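What follows is one structure encoded as structure tokens, with my remarks underneath.
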Amino acid sequence: MMPDRLQPQRFERKYFLSEPQAARVREFVRAYLVPDEHGAGAPDGAYPVHSLYLDSDCLTTYWATVHCEKSRFKLRLRYYDDDPESPVFFEIKRRMNECIFKQRGAVRKSAAALLVAGHLPESGHLLGHQPSHLVTLQRFGRLMQALAARPKMHVAYEREAWVHPDTDAVRVTLDRHVRGEATSTVRLTTELVRPDRPFGANVVLELKYTNRFPDWFGDLVRHFSLVQNGAPKYCGSVASVGADRLSGPLPALRPHPAPRLAEMEKYF
């Protein structure tokens, strides 16, 4: 299993770049950070990322983001290739005000469909023996059941990531070729048939930090005259595909679909 440099609690700011801007930003970032271990050996320094997002039939997590609810979360399965022996990570990405919290549990791909169908996690489903992974899977299952969530969207992109050699407190990513395709099954493939491109040719720059916004982040933003944007890949893909195609027109038009995510704090 690949090393995991997950930042479990962080802040993040996102910006859209053109490809020429991205090349200049890379040279700026190179003075402070190094390529992460997943992309270091690749010719272009990038690696594929695939996520299967789950949501309710009335797209509760989507609308929570659209309406900027202060407390919200997303449920997704993240994987990186077609190898049946590589892990799939069941992830909960939670936002409280401006802070991001991430929890993940590494699972065998052969067990993913069972767990999404509602089976309780067993030790044989997990890759590794960290107790926190089992806790995350149990919490993921409770949230999934409470929302009646099921697969909705396959999102993919190419990630170029930069990290500090000595600490996980700072991370910069450049995400290219963001694609989204509606799905209703747990099919952990890297193939997309007719995806939408919610951000067009834009590169998504994400500045991630765990404590104070680094001074050199501020220098980067000012030097390139960057304007902060919301760039949620799941929500952008849903909007591009059409929310009515995923939920039906009536639920999608509800201003605040039930259950509200703020009412689900007990599951955390």
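We did not get these values from a lab; they are worked out from the coordinates using the rules stated. Just so we're clear, the structure is a prediction, and the values are computed from it rather than from any experiment. Virtual Cβ from ideal backbone geometry, glycine too; neighbours counted across all protein chains shown.
Packing here is the average count of other Cβ atoms within 10 Å per residue, and on that basis the peptides 56-66, 18-28, highest first, run 56-66, 18-28.
Using the Cβ atoms and a cut-off under 15 Å, what net charge is assigned to the surroundings of Arg222, where Lys and Arg are +1 and Asp and Glu are -1? Provide the component values of the computation, followed by the final result.
Details: positive: Arg13, Arg24; negative: Asp215, Asp219.
With Lys, Arg at +1 and Asp, Glu at -1, the neighbours total 0.
Computed from the C-beta positions of Arg150 and His177 and an R0 of 25 Å, the FRET efficiency is 0.40 to the nearest 0.05.
Could you work out the equivalent-ellipsoid semi-axes for the chain, taking the square root of 5 times each eigenvalue of the Cα gyration tensor, largest first, in whole Å? Write down the numbers at each step before the final one.
Working: eigenvalues 162, 97, 69 Å².
Working from the Cα gyration tensor, I get semi-axes of 28, 22, 19 Å.
Taking a label point 7 Å from the Cα of Val135 along the Cα→Cβ vector, which residues of the range 83-113 have an amide N closer than 17 Å to it? So the set is 90-94, 101-106.
With the Cα gyration tensor of the range 1-159 giving a ≥ b ≥ c as the square roots of its eigenvalues, does the rule (a/c under 1.5 for rounded; else a/b larger than b/c for prolate; else oblate) give rounded, prolate or oblate? All intermediate terms of the calculation are to be shown ahead of the outcome.
Numbers: a/c = 1.93, a/b = 1.33, b/c = 1.45.
Since a/c reaches 1.5 but b/c is at least a/b, the shape of the range 1-159 is classed as oblate.
Placing pseudo-labels 7 Å out from each Cα toward the beta carbon at Phe28 and Glu122 gives an inter-label distance of 5.2 nm.
Per 0.36 nm of contour for each residue apart, how much would the distance between Cys68 and Asp81 grow if the chain were fully extended, relative to their Cα-Cα spacing?
So the extension gain works out to 1.4 nm.
With the simple spin-label model, which puts each label point 7 Å out from Cα in the Cβ direction, the Ala42 to Thr167 separation comes to 2.7 nm.
Using only Cα atoms, locate the centre of the range 11-69 and the centre of the range 112-172, then give the distance between them in Å, rounded to an integer. After rounding, the separation between the Cα centres reads 17 Å.
Using the structure shown, list the pairs from Lys74/Lys152; Lys70/Lys109; Lys14/Lys109; Lys109/Lys208 with a Cα-Cα distance above 22 Å, or answer none. In this structure, Lys70/Lys109; Lys14/Lys109; Lys109/Lys208 exceed 22 Å between Cα atoms. Highest GNM mean-square fluctuation among Arg179, Arg212, Arg150, for the chain modelled with Cα contacts below 10 Å: Arg212.
If Lys and Arg each add +1 and Asp and Glu each add -1, what is the summed charge of the other residues whose beta carbon sits under 9 Å from the beta carbon of Asp55? Spell out each step's value before the answer.
Details: positive: Lys74, Arg150, Lys152; negative: Asp57.
Surrounding charge for Asp55 is +2.
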